[in-house]
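These notes are about the structure you will find just below.
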Amino acid sequence: MSPAERSGAIITGAGSGIGRAIALRLAADGHAVVVNDIDAGRAGATADAIMTAGGRAVAVAGDVSDEADVGAIAKAAADRIGAIDVLVNNAGHVHQTRFEHMATADFDRIFAVHVRGTFLMMRRFLPAMLERKHGSIGNIASLL
């Protein structure tokens, strides 16, 4: 069994787009994948695609900007996959409007997912990686 086959990975925002592509690739490379998305149906579809291709995956719906959800994501990962050696913070929230028309609540939601979510996920998974002296974290950012 290669190291990748023993390795767990979690990808946030993996129900579609870049996150889904990353999840599929990591699974093809032998990682057991925790597919996280705020939309349970999209997370499930990605996990199903991985399992259909012969990989190991579990779908875990949750909002990365919510500390309780991050705890639930971590518990599900530990219970169903084991140690997480790869964390990809890919979740994003898009609200397309002209800046001068953006409501404060919309700005707060974008900031919560992009910044707070990345912080909460890293704070949750980094200590174990440091303790094991092994792990990788990728933080994704993009422009529309």
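Taken together, the values in this text are just the output of simple stated rules run on the coordinates, not laboratory data. Just so it is clear, the model here is predicted, and its values are computed rather than measured. Backbone-built Cβ (ideal geometry, glycine too); neighbour counts: all protein chains shown.
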Please give the helix 17-28 orientation as an angle from the longest Cα principal axis of the chain, in degrees from 0 to 90, rounded to the nearest 10.
-> 10
Taking only Cα atoms, what is the 0 to 90° angle, nearest 10, from helix 67-80's long axis to the longest principal axis of the chain?
-> 20
Calculating percent of Cα pairs over 19 Å apart from this structure picks out, from (1) 59; (2) 48; (3) 68, entry (2)
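Based on the Cα coordinates of the stretch 3-78, what is the per residue volume of their convex hull in Å³?
Cα convex hull per residue, to the nearest whole number: 70 Å³.
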Which value in deg cm²/dmol, rounded to the nearest 500, describes the helix-derived mean residue ellipticity at 222 nm for the chain, given -39,500 (n - 2.57) per DSSP H run of n ≥ 4 and division by the residue count?
-> -14000 deg cm²/dmol
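Taking 0.36 nm per intervening residue step and subtracting the Cα-Cα distance, what contour gain separates residue 94 from residue 16 on full extension?
26.7 nm
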How many nm separate the modelled label positions at residue 132 and residue 109, each set 7 Å beyond the Cα in the direction of the Cβ?
-> 3.5
